[in-house]
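The structure under discussion appears below in the form of structure tokens.
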Amino acid sequence: MNLKLIVAGLALSLVGASAQASVVTQWNFNSITPDSNTGTGSILSSIGSGTAALVGGVTGAFASGTANGGSSDPAASDNSGWQTTNYAAQGAGNKTRGVQFNVSTVGYDNITINYDLRHSNTSSRYELVQYSLDGITFNDSTLFDGNAGDTWFKNRSVDFSSIAGVANNANFALRIVAAFAPASSVYAPSSSTNTYATTGTWRFDMVTVSGSPAAAVPVPAAVWMMGSGLLGLLGLHKRKALTIAA
């Protein structure tokens, strides 16, 4: 029995298990009790726990998650998206209106977020993802370009694994807000043939916060414990073999 190879294999298994991503919280915005009506829905999380809220005077409703190519939600007949409107006037309120999600990441490392977003023709072309470590002060993270109207942009993804303080944080929060076009002081419309308007809409779906479960026992210690157990078993096996041989 090659104990070194076994222990090495266990170490790799433990590292792989601790690094595997799990869904911490997810919002699919579908009705809690399916009703085959995409005009109804819910902002309660569909997996895990967390809160979703409108920011800066934006208003919300529910609309189809399947129209215009649809979101990545696998639901076929009751797929709702969280539709938002009443964004800031042209040239005002940069990065102040959108949506916010609060999620505790306690017990998780390597946090990432993914979401789908449908831009209407007259909505802000640029969406900015911000994050907060205390749920109050927000920092800019990633600017996305929604350069087509009446279009779903699926699986937008932001990796927070390199940002200190995001993992294992009960107060983690993120925002997705409308932003001025780069190097300007105005909003650009998602469709180049339209004009930005406050009545433009963003429709969210499949907002997902993921992370790898933090190891309850540090990997080296866990490997040592398993290795010690295997040594004991190996010793017992040898003693039994000697007894039979005698």
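Tell me, how many Å apart are the Cα centres for the stretch 159-203 and for the stretch 104-122?
Distance between centres, Cα-based: 11 Å.
If each of ALA89 and THR33 carries a label point 7 Å out from its Cα toward its Cβ, how far apart are those two points in nm?
Result for the modelled spin labels: 4.5 nm.
From the alpha carbon gyration tensor of the stretch 20-215, can you work out the equivalent ellipsoid semi-axes (sqrt of 5 times each eigenvalue) and give them in Å, largest to smallest?
Computed over the stretch 20-215, the values are 25, 21, 14 Å.
Each label point is 7 Å from the Cα along the Cα-to-Cβ direction; what then is the distance between the points at VAL186 and ASN139, in nm?
Calculated label separation equals 3.3 nm.
Readers should treat all values here as calculations from the given coordinates under stated rules, not as data from a laboratory. Here the structure is a predicted model, which is why all the values come from computation and not from measurement. Note that we place each Cβ from the backbone using ideal geometry, even for glycine, and neighbour counts take in every protein chain shown.
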